[in-house]
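The values are calculated or read from the model by the stated rules, or taken from the named source; none is laboratory data. Please read all numbers here as calculations on a predicted model, not as lab measurements. Backbone-built Cβ (ideal geometry, glycine too); neighbour counts: all protein chains shown. When the accessible area is computed, the model is the full protein with side chains, heavy atoms only, and any ligands, DNA or RNA have been set aside. Shrake-Rupley method; radii C 1.70, N 1.55, O 1.52, S 1.80 Å.
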There are 2 protein chains.
Amino acid sequence: MINLLVTLDSKYIKPLKVMLKSLFLNNQEEKFNIYLLHSSLKDYELEDLNQYTENHGSLFTSIHIGEDYFQDAPTLLHYTKEMYYRLLAFKLLPKDMERILYIDPDTLIINPIKELYEIDLEEYLFAAAYHDKITVKEINRIRLYPYDIQAYYNSGVLLMNLDAQRQHIDENDIFAFVEENKSKLIMPDQDILNALYSKNIKSIDEKLYNYDVRFYRYYKIMSGGLWDMDHVIRNTVILHFCGKKKPWNKDYRGLFYALYKHYERIALDNS
Amino acid sequence: MINLLVTLDSKYIKPLKVMLKSLFLNNQEEKFNIYLLHSSLKDYELEDLNQYTENHGSLFTSIHIGEDYFQDAPTLLHYTKEMYYRLLAFKLLPKDMERILYIDPDTLIINPIKELYEIDLEEYLFAAAYHDKITVKEINRIRLYPYDIQAYYNSGVLLMNLDAQRQHIDENDIFAFVEENKSKLIMPDQDILNALYSKNIKSIDEKLYNYDVRFYRYYKIMSGGLWDMDHVIRNTVILHFCGKKKPWNKDYRGLFYALYKHYERIALDNS
């Protein structure tokens, strides 16, 4: 059994089903325990996701987070308290769960995920990838100064060491950090992750586990040609459709558009 | 049962398997009778293709064309007598077969093919699509003058009315045409098809049945935006990777590259 975590609102149900379809198709030997943390999904939406997951031989558990939860947590202009679900999932999930893999729903899982799930986490709180474009790293290092950030990790794929998190993550540290840095935070959960826990994150290869689809040419050039399309399709596990333009919207363009639409068609036609 | 025709040499076995994999995956309710016309494939290659087809619940028949066949046929510098297989298939296939669908191996079949196969052929010899870019049509009209060409059909997807062909196609007309136009012919089989049989071809929509992957933007603009990626993935039956650059080669680029590589991986991993 592989534990998988997602958090979303109604707008992301379709992308989630596409992501799950790609996961199931490319991991037919695995069974998944899919946990959904949410505050606003409707019963029929949850029932639909439950049915969809069961049809593929996996399990679905939704956990509703009431308004009273995270009462002491500060909020930000454009963000709800849902920004905390990812970092504080260890408080919301079953107490005996040891690890879970969080994945953003704007992804495709195009190869077996088991090797990622079974990475030795040692004492690290998370495993995550940072997007190794110099600009991204530098901009965020300056933005979050004086916090010492060696790499700016992307929070779209997070393998969580729940035991270690229960011991070492204090929600009050997180709330205090948000309170103090309100004006600076752009992507709050990702900023928190990097400012507070950067040193406790085990690095994983972004090209395997958090492939930013906008960077195909960059990855290819930087690898001396190794990471061409053939190599990506055979090796990359998680394609991440980062950025504002999403492949389920009309205005999208991009090298992985046809592949996304392919999975979307299969996912939404025969649910 | 749907009769499918392919003709190829060893270099095209891999693309053929990719094409067949896409066909099988997107036409799971159909059974296919796949006929291969060839002059040079090895026994182990034929056995491999036979096994591959049977594993997917369809039938495979190879027909070897000996060197003595088409003895009177003229040849061209860069082309062997295989250029005649497509147009004279009716002489090589079982005498009682009524129709067969020829498909180039540089294609993907991404939706059900039944509707194409069952098109009413009336008295037409073929059904085919012409690529409706003004330049293509004009250039070929001038090139093949004085033959009256209304449209320049692409011979990559040909639905064949074998009964009508047996009655109306005379191989000697074809050989005579080639003899007379040796210097002009660029793509001989396609040129013959258009020069001699243009008026006996039933037009089918290229965007559905012979979608030239190089023309995504053109199709989209000319259709007022209708043929966007979503529409293509849901409606196009045959994607045709026309042109010199092929998606199984290293130097390929293009909008459908990731999708092709996806099918290629599935096709070649678990044969």
Inset, instruction - Taking residue B:98 as the residue in question, decide whether it is buried (at least 17 other Cβ atoms within 10 Å of the Cβ) and acidic (Asp, Glu). - result: no
Inset, instruction - Mind telling me which of the residues B:214, B:141 ends up being open to solvent by 50 Å² or more (accessible area, probe 1.4 Å), at pLDDT below 90 and farther than 23 Å from residue B:74 by Cβ? - result: B:141
Inset, instruction - May I ask you to list the residues in the range A:76-116 that are closer than 26 Å to residue A:247 by Cβ and acidic (Asp, Glu)? - result: A:82, A:104, A:106, A:115
Inset, instruction - Report, ordered by the first and then the second residue, all pairs with beta carbons closer than 9 Å, sequence separation of six or more or different chains, a first member in the range A:231-259 that is without any contact (Cβ under 8 Å) to a residue 24 or more places away in the chain and more than 19 Å from residue A:157 (Cα to Cα), and a second member that is loosely packed, with under 15 Cβ neighbours inside 10 Å and among the aliphatic types (A, V, I, L, M). - result: none
Inset, instruction - Could you grab the pairs with beta carbons closer than 7 Å, sequence gap of 6+ or different chains, first residue in the range A:1-27 and modelled with pLDDT under 95, second one among the hydrophobic types (A, V, I, L, M, F, W, C) and part of a helix (DSSP H, G or I)? - result: A:8/A:16
Inset, instruction - Within the range B:64-80, identify whether any single residue is at pLDDT 95 or above and either surrounded by 15 or more Cβ atoms within 10 Å (Cβ to Cβ) or within 18 Å of the chain's Cα centre (by Cα) (or both), and answer yes or no. - result: no
Inset, instruction - Scan the range A:80-130 for residues that are among the small types (Gly, Ala, Ser) and touching an Asp or Glu at 6+ places or on another chain (Cβ under 8 Å) and jot them down. - result: A:129
Inset, instruction - Out of the residues in the range B:260-271 that are open to solvent by 20 Å² or more (accessible area, probe 1.4 Å) and either free of Cβ contacts under 8 Å to residues at least 12 places away in the same chain or not in a helix (DSSP H, G or I) (or both), state the one that is nearest to the other protein chains (Cβ to nearest Cβ). - result: B:265
Inset, instruction - Considering every residue within the range A:228-244, establish whether at least one is open to solvent by 40 Å² or more (accessible area, probe 1.4 Å) and within 17 Å of the chain's Cα centre (by Cα). - result: yes
Inset, instruction - Collect the residues in the range A:27-39 that are open to solvent by 20 Å² or more (accessible area, probe 1.4 Å) and either in a strand (DSSP E or B) or within 21 Å of residue A:156 (Cβ to Cβ) (or both), keeping them in residue-number order. - result: A:30, A:33, A:35, A:39
Inset, instruction - Among the residues of the range B:186-211, write down those that are touching an Asp or Glu at 6+ places or on another chain (Cβ under 7 Å) and surrounded by 21 or more Cβ atoms within 10 Å (Cβ to Cβ). - result: B:206
